[in-house]
Amino acid sequence: MDKNLPDASATNRKLVVLILGLLCILQAALNISLRLALYNSDAPDYDAVIRNLKEERDQLKRKLNTSGWVYFRSSFYFISSVEKSWGDSRDDCLQQGADLVIINSKEENEFTRQFRRLFWIGLTDTETEGTWKWVDGTLLNTTTSFWHPGEPNSSGNTDEDCGEARYNYAEYNWNDNKCNKLNFWICEKMVA
Ligand code: BGC
Ligand code: CA
């Protein structure tokens, strides 16, 4: 054998050491990448969270729809089938996690008007005579108020402090009436 050529077993040994070295590097790389992958999987899965919330919302919609609540532009509405005073009507809404309807637009007024019943709305001036407030404490906005011509009039000084939708054949359908009068009512439950 030529003494100048490396012998075959020495070459093989070098090859084995090289391969072992490469395997070590590969394992270290795998180890690090697996740890990183596991670490990242601790982060919340926002897609799943959103999916669950949407499913919950849809379930709620189905539940409310089948219990007499009607959906319109981010709110559910419930029209009563019995008549109560304004205060008792409001209590009924509150017990159902809602409140008497608050009307913020012409469209919402048109929507509620189509129930064609005389019903309480969440409007009152009990606190300060002449200052009309919604049940959430906001002041009635003159650009979105729908008093019937001549209303509110505290008719014959009888102190009419509660708002009702009375003249439902007309666009301007609201009237003030005595709070102890018995009326149907509409509850509103806002969603998102
Ligand atoms: C009047 C209303 C009043 C109501 C009382 C109506 O005839 O137009 O202003 O609130 O009677 O029942
Ligand atoms: Ca009146």
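The values are calculated or read from the model by the stated rules, or taken from the named source; none is laboratory data. All of these numbers come straight from a predicted model, not from anything done at the bench. For neighbour counting, all protein chains shown are included, and Cβ atoms are generated from backbone atoms with ideal geometry for every residue, glycine included.
Points to keep in mind about this one:
- Top-ranked residue in region 159-182 [being under 15 Å from Gly130 (Cβ atoms) and assigned to a loop (DSSP other than H, G, I, E, B); ranked as nearest to ligand 1 (Cβ to nearest atom)]: Glu160
- Residues that are more than 10 Å from ligand 2 (Cβ to nearest atom) and either under 23 Å from the mean Cα position of the chain (by Cα) or of a type in the set (Ser, Thr, Tyr) (or both), drawn from region 142-161: Thr142, Thr143, Thr144, Ser145
- Per-region count, region 54-80, residues polar (S, T, N, Q), out of contact with any helix residue (DSSP H, G or I) (no Cβ under 9 Å at 6 or more places or on another chain) and either modelled with pLDDT of 95 or more or in a helix (DSSP H, G or I) (or both): 2
- Residues in region 62-102 that are in contact (Cβ under 8 Å) with a residue 40 or more places away in the chain and either more than 26 Å from Cys162 (Cβ to Cβ) or of a type in the set (A, V, I, L, M, F, W, C) (or both): Leu64, Trp69, Phe76, Phe78, Ile79, Val82, Trp86, Cys93, Ala98, Leu100, Val101, Ile102.
- Residue match in region 117-134 (condition: more than 12 Å from ligand 2 (Cβ to nearest atom), acidic (Asp, Glu), out of contact with any Lys or Arg (no Cβ under 7 Å at 6 or more places or on another chain) and assigned to a helix (DSSP H, G or I)): no
- Options Asn168, Asn109, Asn180: the member that is touching a Phe, Trp or Tyr at 6+ places or on another chain (Cβ under 7 Å), touching a residue at least 40 places away in the same chain (Cβ under 8 Å) and away from ligand 2 (no atom under 12 Å from the Cβ): Asn109
- Filter result for Cys187 (away from ligand 2 (no atom under 16 Å from the Cβ), surrounded by 16 or more Cβ atoms within 10 Å (Cβ to Cβ), in a strand (DSSP E or B) and at pLDDT 95 or above): yes
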